[in-house]
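The values are calculated or read from the model by the stated rules, or taken from the named source; none is laboratory data. Remember, predicted model here, so these are calculated numbers, not experimental data. Every residue, glycine as well, gets a Cβ built from its backbone with ideal geometry; the counts of neighbours run over all protein chains shown.
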Amino acid sequence: VTETTLAPEQTELEVGYAGKSIPRKEDGRLVQGQGVFADDMKRHGMGYVHFVRAPYAHALIVSVDVSAAEALDGVYGTLTPEEVVELTDPFFELTTPPGSQIKDYALAVGRVRHIGEPVVAVVAATRELARDAADLVEVEYEPLDVLVDARRARDDDVPVLHEDAGTNVV
Amino acid sequence: VSDHTIAVTVNGERYEREVEARKLLVHFIRDDLDLTGTHVGCDTGNCGACTVLLDGTAVKSCMLLAPQADGTEITTVEGLAPDGELTPLQKAFSEHHGLQCGYCTPGMLLSATFLLSHTSKPTDEEIRRGIQGNICRCTGYVNIVKAIKAASEQ
């Protein structure tokens, strides 16, 4: 992937594509802004998602109330931690125990483990409406102790992030 | 939330639209004008994928509100080669493998266009400074710098 051209003296054998730099078919549209990436697609009745994110680095999620958001005209729906557990399996953990015992989902379940972790997803008719509706979601947290020094993560007296693993060393 | 009527000229075409005060210029360009060549990579001003020319100067369009662009002239990647005849920069990016997935390419091209508009024969260092606000996560910068250099030599 990194070597894109060959020295001309190596192109003695002129059979097919061997030894030649072949112009890429996609370049023409990509340099003109005509590539179609996921975010460029529009569909009839398409919704826009906005995430309610954790304001704490470490906290228990006590309660989630999406009723005010759902009541807003133009809101298609919400996805809560409880629903994510019901509707999806935990992500496959590509590692050995104890790391493989960690259960995690597309949204924070039970507790949040970093600031900005997605807790609730809100889907609405427009980007702005999704954001407004997300503001109406009430999440109650119970803040937990945090650890800000990665070098101390192995110590005994520090908070453990994933109880499933029972240790911060995974 | 207040609405504003704004008039902008984008790639030579004049648009008059009503927008919410909080709408980002990049969302105005992408959602309201359907010019999706301008990408959103981070919407925090770090990545430069949303770079456009605003009255000839390269700006990150996620760092401006649409009403701030009222009365300006904007060039997006779609406006670089309006009749399909690629600019030397666009050709050089392809010829020197300055793009792979192409996501950062529009922003790179606009930053490079701005650079060459005021520094016609930039050194490698000036090129690197010129694209320091644009992040590429797959091609790498070496071929992008080569491409800009080659375009400047034409």
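Within the stretch A:82-133, the set of residues being closer than 30 Å to B:Val19 by Cα, among the charged types (D, E, K, R) and not in a helix (DSSP H, G or I) is empty. Of all the residues in the stretch A:57-97, those that are surrounded by 15 or more Cβ atoms within 10 Å (Cβ to Cβ) and at pLDDT below 95 number 1.
The number of residues in the stretch A:14-49 that are in a loop (DSSP other than H, G, I, E, B) and either among the hydrophobic types (A, V, I, L, M, F, W, C) or facing chain B (nearest Cβ under 9 Å) (or both) comes to 17.
Yes or no, residue by residue, for (1) surrounded by 20 or more Cβ atoms within 10 Å (Cβ to Cβ); (2) among the small types (Gly, Ala, Ser); (3) within 13 Å of chain A (Cβ to nearest Cβ):
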site: B:Asp43; (1), (2), (3): no, no, yes
site: B:Cys47; (1), (2), (3): yes, no, no
site: B:Thr105; (1), (2), (3): yes, no, yes
site: B:Pro122; (1), (2), (3): no, no, no
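For the stretch B:1-22, the set of residues classified as modelled with pLDDT under 95 and charged (D, E, K, R) consists of B:Asp3, B:Glu20, B:Arg22, listed by residue number.
Applying the condition of being under 11 Å from B:Leu89 (Cβ atoms) and within 14 Å of chain A (Cβ to nearest Cβ) to the stretch B:124-154 and asking which residue is surrounded by the fewest Cβ atoms within 10 Å (Cβ to Cβ) yields B:Ala150. Could you tell me which residue of the stretch A:27-56 is surrounded by the most Cβ atoms within 10 Å (Cβ to Cβ), considering only residues that are farther than 21 Å from B:Thr51 by Cβ and among the hydrophobic types (A, V, I, L, M, F, W, C)? Among those residues, the one meeting the criterion is A:Val52. Scanning the stretch B:76-90 for residues that are part of a loop (DSSP other than H, G, I, E, B) and surrounded by fewer than 20 Cβ atoms within 10 Å (Cβ to Cβ) yields B:Ala81, B:Pro82, B:Asp83, B:Gly84, B:Glu85, B:Leu86, B:Thr87. Can A:Ala121 be described as more than 15 Å from A:Val139 (Cβ to Cβ) and either of a type outside the set (Val, Ile, Thr) or in contact (Cβ under 8 Å) with a residue 24 or more places away in the chain (or both)? It is false that A:Ala121 is more than 15 Å from A:Val139 (Cβ to Cβ) and either of a type outside the set (Val, Ile, Thr) or in contact (Cβ under 8 Å) with a residue 24 or more places away in the chain (or both).
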